[in-house]
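The values are calculated or read from the model by the stated rules, or taken from the named source; none is laboratory data. Computed from a predicted structure; not experimentally measured. Here the Cβ positions follow ideal geometry from the backbone for every residue, glycine too, while neighbour counts run over all protein chains shown. All accessible areas refer to the heavy atoms of the entire protein, side chains included, with ligands and DNA or RNA removed. Shrake-Rupley method; radii C 1.70, N 1.55, O 1.52, S 1.80 Å.
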Amino acid sequence: MKKETTFTKATIATTYEDLQTSEVSELWGSYVVSEESNREYQAVLGDLNSWYNQNTIAHPNAVNDLTHEFIQNSYTFLLPPDQSTMHTKQETEYLKKLKVGEKISVQGRIAEKYEKRGRNYVVWELEEFDPAGALVVRVRTTRTVGKAAGREE
Amino acid sequence: MGVSVKELEVGDEIPSFTRSLTLDQMRQYSGWPERTIHTDEEVAKSKGLPGAIAEGMMTYGYLQVMLVNFFGDQWLEGGHLSASFTAPAMPGDTVTAKGVVKAKGKEASGTRLDLEVWCENQNGRKLAVGTASGKVS
């Protein structure tokens, strides 16, 4: 899947214990949904809606997936080989249609970290802005850190 | 949208969306030839998984396709989807996204529906569960 993202936030290698929550978001970078990636997301999901390309509207999964890249690119968790991180929850609020070819800026922060039933969870909150500075998407994404592979919620 | 919002009441289901998941689709989505638990059977098994598993975002994507099919492009201005990933989808699964109306209310600019949504596989196992909210003028 072709992805066009520009990361300005440096990747940090960290443990769950060393992660710090923040009240303030920082600029993480930007992304652009191209016509090609729009078609690819539609095809791989089996989405037959023609109006994405007719109206040059960015596919919501292109938006979500490219946003998810920021989490995956910005944090490398120091874990034993038999452990991993798992994406457990995703929340998205769409405020305005995004256009294909539009540069979307992403700001983010770690909003929460907590333990529940013996597992460590991290919650990121991201806000995305169009070139005019309008807030277009809000995302809240949760991952376990150090979850044993193969275990389920 | 084949079903009118006006016709739907609390407890009614919206039209579902079904997809047969393949390893090729997973590889296309997750960046093959990069070998990860989402693209490679052996890497997944080395991590204790039964086999390669689809990214949660693919399951989330099926929910979004269902919701856009139903709400139209208005989903992208005022829609909200929250989903927890409860079990992984795997190659060979038939995944169906479903939704049930939980609340319906008039707003100044249209009708808002609040839904309970989920994805399940061919065995009825829930892969993702959550809520969605959208508005139709």
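Which one of B:W32, B:W118, B:W75 has the biggest mean-square fluctuation once chain B is modelled by GNM with Cα springs under 10 Å? Highest fluctuation of the listed residues: B:W32.
Using Cα positions and a limit of under 27 Å, work out the lysines in reach of A:K103, with same-chain residues fewer than 8 apart set aside. Those lysines meeting the cut-off are A:K2, A:K3, A:K9, A:K89, B:K135. Across B:V68, B:V100, B:V43, mean-square fluctuation computed from a Gaussian network of chain B (C-alpha pairs under 10 Å connected) peaks at B:V43. The residues of segment B:12-55 listed by number as losing at least 50 Å² of accessible area in the complex, against the isolated chain and with a 1.4 Å probe, are B:R19, B:Q28, B:Y29, B:K47. Provide the FRET efficiency to the nearest 0.05 for the A:S22-B:T131 pair, computing r from the beta carbons and using R0 = 45 Å. Efficiency for this residue pair is about 0.95. Per the Kirkwood formula applied to alpha carbons, segment A:1-152 shows a radius of gyration over Rh ratio, Rg over Rh, of 0.99. Rounded to the nearest 10 degrees, the angle from helix A:35-45 to the longest Cα principal axis of chain A is 60 degrees.
What do you get for trypsin sites (Lys or Arg not before Pro) in segment A:50-134 restricted to DSSP loop and a cutoff of at most 10 other Cβ within 10 Å of the site's Cβ? Numbers along the way, then the final one.
Details: sites: A:K89, A:K96, A:K97, A:K99, A:K103, A:R109, A:K113, A:K116, A:R117, A:R119; in loops: A:K96, A:K97, A:R117.
Filter output for segment A:50-134: A:R117.
Amide H contacts under 5 Å for B:A89: B:A54, restricted to partners 5 or more places along the chain or on a different chain, H placed in the peptide plane at 1.01 Å from N.
By the gyration tensor of its Cα atoms, with a ≥ b ≥ c the square roots of the eigenvalues, what is the shape of chain B: rounded for a/c under 1.5, prolate for a/b over b/c, or oblate?
prolate
For chain A, the longest principal axis of the alpha carbon atoms and the long axis of helix A:60-74 meet at an angle near 40°. Equivalent ellipsoid of the protein assembly as shown: semi-axes from √(5λ) of the C-alpha gyration tensor, largest first, are 28, 23, 19 Å. Across segment A:119-127, rounded Karplus estimates of 3J(HN,Hα) from the backbone phi angles (6.51 cos²θ - 1.76 cosθ + 1.60, θ = phi - 60°) give 10, 9, 10, 10, 10, 9, 10, 10, 10 Hz, Gly and Pro being marked x.
Expected output is a single nm value to one decimal: the length gained when fully extending between B:E77 and B:V100, i.e. 0.36 nm times separation in residues minus the C-alpha distance. What is it?
Details: separation 23, 0.36 × 23 = 8.28 nm, distance 2.08 nm.
Result for the pair: 6.2 nm of gain on full extension.
Can you give the FRET efficiency to the nearest 0.05 for A:K116 and B:K45, using r as the Cβ-Cβ distance and R₀ = 22 Å? Computed FRET efficiency for A:K116 and B:K45 comes out at 0.20. Out of B:P15, B:W118, B:S46, whose Cα points farthest toward the positive end of the dipole of chain B (charges: +1 Lys, Arg; -1 Asp, Glu; placed on Cβ)? Value: B:W118. The long axis of helix B:56-71 is offset from the longest Cα principal axis of chain B by roughly 30 degrees. Between the listed residues B:S82, B:Q64, B:S4, the Cα displaced farthest toward the positive end of the dipole of segment B:1-115, a dipole computed from Cβ unit charges relative to the Cα centre, is found at B:S82. Per the accessible-area calculation with a 1.4 Å probe, the total area buried between chain B and chain A rounds to 3100 Å².
The modelled label-to-label distance between A:N49 and B:R35, using points 7 Å beyond Cα along the C-beta direction, is 3.8 nm.
Between A:Y75, A:Y114, A:Y16, the GNM of chain A built on Cα springs shorter than 10 angstrom shows A:Y114 fluctuating the most.
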